[in-house]
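**Q** Mind having a look at this structure? Questions to follow.
The values are calculated or read from the model by the stated rules, or taken from the named source; none is laboratory data. Here the structure is a predicted model, which is why all the values come from computation and not from measurement. All Cβ positions, glycine included, derive from the backbone under ideal geometry; neighbour counts span all protein chains shown.
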Amino acid sequence: MSRGEHVRDAVAEQPLDSRIAFMRKVYLLLFAGLAFTGAGVYVGAFTPAGATFARLMGGGFLFIIIWFGAAMAAQALVRVKGLGVPVLFAYNFFLGMVIAPAIAGILAIKGYEAGWAVIGNALGLTAFVFGGLTVYTLVSKKDFSYLGGILSIAAFGMIGVFFLGMFIPALSMSTMTFSILYVVILSGFILYETSLIRHRYRTDQPAAAALQLSVSVVLLFYYILMIFAGSRD
């Protein structure tokens with residue numbers, strides 16, 4: 001499926017009842033997938049298996065390779081008939097495992113009560129931002145698919161600056177600055193992906209559409225969490 005051209009049988013071109021049914025499926029799958037993300041966080045942050053996973057990943061190049069490999073595999077397999085929902089749930093669980101060490105670290109540093117307050121605030125703001133952007137895109141019916149290239153360049157540019165900063169101190173940026181900029185980029189991705197659901201997906205691809213959104217939602221929560229955690233040090 002090309003992102004540069006409208007799909008002939010895209011959701012936006014279907015009858016109203018078909019569009020409503022499709023969007024309902026997408027968001028039900030999205031929220032079900034995020035429940036699996038929560039399960040992944042629990043396993044990753046509060047069980048020995050999670051500690052082993054975090055130790056093996058170590059946040060280094062192995063972690064990056066596995067994450068990108070899992071993302072590419074999920075994007076490909078989620079469109080295979082019969083695999084969409086299992087792949088969506090499995091990848092969301094994986095995302096939960098990925099962000100679990102950050103949550104465990106916040107609880108360890110700030111204490112149980114203060115740590116959960118930070119996590120709760122981040123969850124609330126994530127829901128507010130995601131909900132607001134979603135409603136705006138769906139109500140306005142604007143096509144934000146043109147943002148795809150711009151946002152991809154910005155995202156990879158940020159990653160490039162991050163890695164260069166590891167070797168060139170003059171190019172390094174604080175965690176707070178990086179997180180704020182990435183929240184802006186991810187907000188753009190939510191506009192783009194919500195529009196993409198209507199204009200680039202067919203009505204038989206709700207799991208693929210939900211996967212697209214869930215990654216941005218989880219990462220949005222992660223970087224908002226970093227902002228809240230950093231602002232209260």
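**Q** Of all the residues that make up region 36-52, how many are among the β-branched types (Val, Ile, Thr) and free of Cβ contacts under 8 Å to residues at least 40 places away in the same chain? Give the steps one after another, and end with the answer.
**A** In the first step, residues of region 36-52 are kept if they are among the β-branched types (Val, Ile, Thr); the result is 37, 41, 43, 47, 52.
Retained after the next criterion (residues that are free of Cβ contacts under 8 Å to residues at least 40 places away in the same chain): 47, 52.
Summing the residues that are among the β-branched types (Val, Ile, Thr) and free of Cβ contacts under 8 Å to residues at least 40 places away in the same chain in region 36-52 gives 2.
**Q** Got a sec? Which of 102, 108, 114 is among the small types (Gly, Ala, Ser) and within 16 Å of the chain's Cα centre (by Cα)? Working first, answer last.
**A** Numbers: 108 fails: within 16 Å of the chain's Cα centre (by Cα); 114 fails: within 16 Å of the chain's Cα centre (by Cα).
So the residue among 102, 108, 114 that is among the small types (Gly, Ala, Ser) and within 16 Å of the chain's Cα centre (by Cα) is 102.
**Q** Against the condition in contact (Cβ under 8 Å) with a residue 60 or more places away in the chain and over 18 Å from the mean Cα position of the chain (by Cα), how does residue 138 come out, does it pass? First the steps, then the outcome.
**A** Details: in contact (Cβ under 8 Å) with a residue 60 or more places away in the chain: yes; over 18 Å from the mean Cα position of the chain (by Cα): yes.
Taking the combined requirement at face value, the residue satisfies it.
**Q** Scan region 190-201 and tell me whether some residue there is assigned to a helix (DSSP H, G or I), buried (at least 17 other Cβ atoms within 10 Å of the Cβ), modelled with pLDDT of 85 or more and of a type in the set (D, E, K, R).
**A** Among the residues of region 190-201, at least one is assigned to a helix (DSSP H, G or I), buried (at least 17 other Cβ atoms within 10 Å of the Cβ), modelled with pLDDT of 85 or more and of a type in the set (D, E, K, R), which makes the answer yes.
**Q** Report those helices (runs of 4 or more DSSP H) wholly inside region 67-170 carrying at least 3 residues which are surrounded by fewer than 12 Cβ atoms within 10 Å (Cβ to Cβ) and of a type outside the set (S, T, N, Q).
**A** Numbers: elements: 84-110, 112-140, 147-167.
In region 67-170, 112-140, 147-167 are the helices (runs of 4 or more DSSP H) which contain 3 or more residues that are surrounded by fewer than 12 Cβ atoms within 10 Å (Cβ to Cβ) and of a type outside the set (S, T, N, Q).
**Q** Conditions first: (1) in contact with a Gly (Cβ under 8 Å, 6 or more places away or on another chain); (2) at pLDDT 90 or above; (3) β-branched (Val, Ile, Thr). Residue 135 passes all but one, so which condition is the exception?
**A** Unmet for residue 135, out of (1) in contact with a Gly (Cβ under 8 Å, 6 or more places away or on another chain); (2) at pLDDT 90 or above; (3) β-branched (Val, Ile, Thr): (1).
**Q** Would region 158-175 turn up any residue that is at pLDDT 80 or above and of a type in the set (S, T, N, Q)?
**A** So the first thing to find is which residues in region 158-175 are at pLDDT 80 or above, and the list is none.
Looking through region 158-175, none of the residues is at pLDDT 80 or above and of a type in the set (S, T, N, Q).
**Q** For residue 187, work out the one condition from (1) modelled with pLDDT under 90; (2) closer than 19 Å to residue 134 by Cα; (3) surrounded by fewer than 19 Cβ atoms within 10 Å (Cβ to Cβ) it doesn't fulfil.
**A** For residue 187, the exception is condition (1).
**Q** Kindly indicate whether residue 36 is modelled with pLDDT under 85, surrounded by 14 or more Cβ atoms within 10 Å (Cβ to Cβ) and part of a helix (DSSP H, G or I).
**A** Numbers: modelled with pLDDT under 85: no; surrounded by 14 or more Cβ atoms within 10 Å (Cβ to Cβ): yes; part of a helix (DSSP H, G or I): yes.
Taking the combined requirement at face value, the residue does not satisfy it.
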